[in-house]
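Chemist: If you scroll down you'll find the structure; I have some questions about it.
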Amino acid sequence: MDNRISEIRRTIRALRVSMREAEAIMHEQINRGEDCSFVAQEVIKMRSVMSLLAKERVALGDHEPILVNNFFIPRRRPTRKSVDARAPTVESVFRPRLVARA
């Protein structure tokens, strides 16, 4: 029994990490406007497996929390473009420079 609980805990820990990585990939795809349905289906499959493993673990008498190292991916705030910021024009880039002569 104890070996089975250890195996379940290892599997759950690995599934959590895999789910976080898949969710990060899914969010990147969403931000790029790509189709993320395949990754989303895989996350749902992982969650269903996780649910069954958690039920089995509780049925075997294990109620301790399973800790996972933090896999936090900070979100970047969207940059705000000021109204005055305009794209450089040919004239502004290649205008003659005034140089003081001695």
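Each reported figure results from applying straightforward, stated rules to the coordinates on display, with no laboratory input. On a predicted model such as this, the values are computed, not experimentally measured, just so you know. All Cβ positions, even for glycine, are placed from backbone atoms using ideal geometry, and neighbour counts span all protein chains on display.
Chemist: Give me the residue from the range 1-40 that is touching a helix residue (DSSP H, G or I) at 6+ places or on another chain (Cβ under 9 Å) and touching a residue at least 40 places away in the same chain (Cβ under 8 Å) and, out of that set, farthest from Arg57 (Cα to Cα).
Modeler: Per the criteria, the residue is Arg16.
Chemist: If you don't mind, there's one more thing I want to ask. Under the condition of being surrounded by 12 or more Cβ atoms within 10 Å (Cβ to Cβ) and either among the hydrophobic types (A, V, I, L, M, F, W, C) or over 18 Å from Pro65 (Cβ atoms) (or both), which residue from the range 1-13 is nearest to the chain's Cα centre (by Cα)?
Modeler: By that ranking, first place goes to Ile12.
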